[in-house]
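Contents: one structure, followed by commentary.
The numbers here are math on the coordinates, done by the rules we state, and not lab data. Note that the structure is a prediction, hence the values are computed from the model and not measured. We place every Cβ from the backbone using ideal geometry, glycine too, and count neighbours over all the protein chains shown.
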Amino acid sequence: MLVTSMELLVDARKNGYAVGAFNTNNLEITQAIIRAAEVKQAPILVQISAGALRYAGVEFLPLIVKKAAELASVPVAIHLDHGPDFTAVMQALRAGFTSIMRDASKLPYAENVAEVRKVVEACHAIGVPVEAEIGKIGGAEEHVVVSEREATMSDPDECAQFVADAGFDFLAVAIGNAHGFYKGEPQLDFARLEAIRDRVSIPLVLHGASGIPDHQITMAVERGISKINIDTEIRNAFIRSTQEYVAANPDQIDPRKVFKPGIAAMQAVVEHKIEIFKSAGRA
């Protein structure tokens, strides 16, 4: 069933689990995500980035995800991931998204607030919740490229002020997480996360969770993270499984058969993440 992310994340925050937010670029990834959520009876967000919209077409990909959500036996929200500007947000709203992120975190504080407030006004008018970010999460994803030098942790007091000033619904925090694969084992700053949780009354979001060890994910959920983004691990499972199949079956030209092991591999990743997010059985 198609829902807004507000319904999902408020319950997650109240009951101590996190909802998985999984990125899609095509039909096959969408199928894997939805199937995993149904097997685990978990609420989910299916995320679409501006880059995915350019790749698959705003006329097509949101319609695929929306229909899959409507037919699903579990609650599904369609989320714009890292919305780069107001135009992208309006495009997503017209396409039927039920959750929006406006990422203006690379701007100075006052400009970040102004950009988010503009999006909040438009989205709240039609009942769509908004995610925003403060601090700079390292790594690269879509249009978001932040070097290790530029990456900065979210300040707990500034987080509280940001929520008050901009009026959005979910806060993405920088606590040592990064987009893409990590170089070495990441070390999340759990003391910082607890301080933010104690100062902020809205659900908190962890970006760049691909590659973070399971025990750190569990600790983050226990300390207030209510939404966790996964993209890189899904892509990796799809590509590696497809490569292995093609190498073993070089004469196979039926894409349905070529993609089948990749879909299964992605589904397995999503099912595992749902378990460690403690959202299995929460639908």
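Taking every DSSP helix (H) stretch of at least 4 residues in the chain, weighting each as -39,500 (n - 2.57) and dividing the sum by the residue count yields a mean residue ellipticity at 222 nm of -15000 deg cm²/dmol.
Going by how many other beta carbons lie within 10 Å of each one, how would you line up Asp169, Asp231, Asp198, fewest first?
On the way: Asp169 22, Asp231 25, Asp198 12.
The most exposed by this proxy come first: Asp198, Asp169, Asp231.
From least to most packed, judged by other beta carbons within 10 angstrom and beginning with the fewest, Ile134, Ile126 follow the order Ile126, Ile134. Rg over Rh for segment 1-102 works out to 0.95, using Cα positions for both radii and the Kirkwood form for Rh. Here's the picture: a label point sits 7 Å out from the Cα of Asn26 along the beta-carbon direction, and within segment 41-77 the residues with their amide nitrogen under 11 Å of it are 56. If the reach is capped at under 19 angstrom between alpha carbons, list the lysines near Lys14, excluding any in the same chain fewer than eight residues apart. Once the sequence-local lysines are set aside, what remains near Lys14 is Lys227, Lys278.
Extension gain for the segment Val258 to Glu70, taken as residue separation times 0.36 nm less the Cα-Cα distance, is 64.9 nm to one decimal. Three semi-axes describe the equivalent ellipsoid of segment 1-60; taken as square roots of 5 times the Cα gyration tensor eigenvalues and ordered largest first, they are 24, 14, 9 Å. The per residue volume of the convex hull around the alpha-carbon atoms of the chain is 119 Å³. For the chain, set up a Gaussian network in which alpha carbons nearer than 10 Å are linked by springs, and say which option among Gly83, Gly96, Gly208 fluctuates the most. Result: Gly96 has the largest fluctuation of those listed. Taking the longest Cα principal axis of the chain as reference, the axis of helix 109-124 is set at about 60 degrees.
From the alpha carbon gyration tensor of segment 144-283, can you work out the equivalent ellipsoid semi-axes (sqrt of 5 times each eigenvalue) and give them in Å, largest to smallest?
Details: eigenvalues 244, 54, 35 Å².
Equivalent ellipsoid of segment 144-283: 35, 16, 13 Å, largest first.
Think of each Lys and Arg Cβ as +1 and each Asp and Glu Cβ as -1; about the Cα centre, that makes the dipole of the chain roughly 580 debye.
Considering only beta bridges that DSSP places wholly inside the chain, some 10 percent are antiparallel. Sorted ascending by nearby beta carbons within 10 Å, beginning with the fewest, Thr24, Thr242 become Thr242, Thr24.
Dipole orientation for segment 193-267: of the candidates Val258, Ile212, Ile202, Ile202 has the Cα lying most toward the positive pole (charges on Cβ; Lys, Arg +1; Asp, Glu -1).
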